Amino acid sequence: MEMSIGSKSTAGFSATVCEVVLEVLQECADSLAVYQNILRQQSTIEDDDATNIFPNVKISETSILQTLARGAAEMTDSRREAAREKLLQDSLYVSSIIEDLKREISEHGTIDVLIKEIERITSQEEQEHLLIEENESMQIIVAELRKAIADKKTANEKEEERLTKKLTLTRDEKEKLKLIKDVEIKYVRVWEAARREQYVLRYELKMDELKKTLNDHCVRERNENHVNDVLMRYLTRRIALIETRIEQWRQRYDREKKMYEKEIRKVRNEIGNAQKYLEELTTEYCNNQEFIDTYLAEQEALRRQKEHEDHVRLSIIKMQAWWRGVMVRRKLGPYRSEEKKKKKSIKTKK
């Protein structure tokens, strides 16, 4: 296989490291090729042995028993074959990864393929771990559900047993009630027959009593019809008499109505004349009242004027008396003493 080694890139290995790594990978690839050839050869040999175990053997009971006896060995061989197939697939997978890694190292000098594959395997393992945990939790839940189902089944069995016992008791009770009912029905039938006979006798006695009552009512009806005829004749005569009296009272009402209407008109005329006279008197009264009010107002004014004049005159007299008293007490005017008069005369002479 030709391999071209490129120069070292900024993110890859150096040329020397790349050559060393490529040599190691080539050795690994050769070893895997040898391992794969060995696995293929073993698988081919076992297939040939399996086809030549029982050549041209007829099917019989002995062959069937031998086949069953070798079942366990064949199961072990099948497991071994599955493991060998798994190893072969894994070796092919590793070979493909080595080839991709050799190609990347020879071209770019990096191992991104290996890193990505490791990351993929790691994520796959994490997912498998999560699935395992989820499976364990689901198994726990399933175990709990199985336990609950078992408990429910036990409870249902107990309930079924209880209901079976109850059904048995109910059936026994039903049979007992049926017997009691049959006896009661027989008793009721006998009792109904006796009661029917009693009712027949009672109804016959009742019919005789009702017939007697009917006859009595017929006699009473005839008597009441006779009384009704007599009353109708009396009421007819009475109604005729009352109608005659009503007519007489109606005529009297008409006469008295006319008479009273005439008197009412007369009284109304008198009332009208009296109202006119009353209006005249009212007018005269108003005039006289106005004259009286005017006269009284004049007399009141004269009285007040006279009282005012008397008050003024009395006040003047009081003022004069007061002033005269003041002059007398103080000896003023004509009431002055002789000494003061002399002194005044002397002063006037000087």
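Please treat every number below as a calculation from the coordinates, not as lab data. Computed from a predicted structure; not experimentally measured. FYI the Cβ positions are ideal-geometry reconstructions off the backbone, even for glycines, and counts take in every protein chain you see.
Things to note:
- Inter-label distance, nm, simple model (7 Å from Cα along the C-beta direction), residue 131/residue 19: 4.6
- Each Lys and Arg Cβ is given +1 and each Asp and Glu Cβ -1; about its Cα centre, the range 192-329 then shows a dipole of about 300 debye.
- Prolate/oblate/rounded call for the range 271-336, Cα gyration tensor, a/c under 1.5 rounded: prolate
- Counted charge near residue 152, where neighbours are those whose Cβ lies closer than 11 Å (Asp, Glu -1; Lys, Arg +1): +1
- Lysine pairs in the range 132-183 with Cα atoms under 17 Å, if 8 or more residues apart or on separate chains: 6
- Amide H contacts of residue 110: 13, 105, each under 5 Å away and 5 or more positions distant or on a separate chain (H built 1.01 Å from N in the peptide plane; Pro and chain starts excluded).
- Whole-Hz ³J(HN,Hα) from phi, Karplus 6.51 cos²θ - 1.76 cosθ + 1.60, for the range 15-25, glycine and proline x: 5, 5, 4, 4, 5, 4, 5, 5, 5, 4, 5
- Its Cα gyration tensor gives the range 154-274 an equivalent ellipsoid; the semi-axes, largest first and in whole Å, are 93, 38, 5.
- Förster radius 22 Å - calculated FRET efficiency between residue 107 and residue 27 (Cβ-Cβ, nearest 0.05): 0.60
- Each residue, residue 242 and residue 285, gets one label point 7 Å from its Cα in the Cβ direction; the gap between the two is 5.5 nm.
- In order through the range 157-170: 3J(HN,Hα) via Karplus (6.51 cos²θ - 1.76 cosθ + 1.60), integer Hz, x for Gly, Pro: 5, 4, 5, 5, 5, 5, 5, 5, 4, 5, 5, 4, 4, 5
- Qualifying aspartates and glutamates (Cα of each under 12 Å from Cα of residue 331; at least 8 residues distant if same chain): 339
- Along the range 184-191 the Karplus relation, 6.51 cos²θ - 1.76 cosθ + 1.60 evaluated at θ = phi - 60°, assigns HN-Hα couplings of 5, 4, 4, 4, 5, 4, 4, 5 Hz to successive residues, with x for each Gly and Pro.
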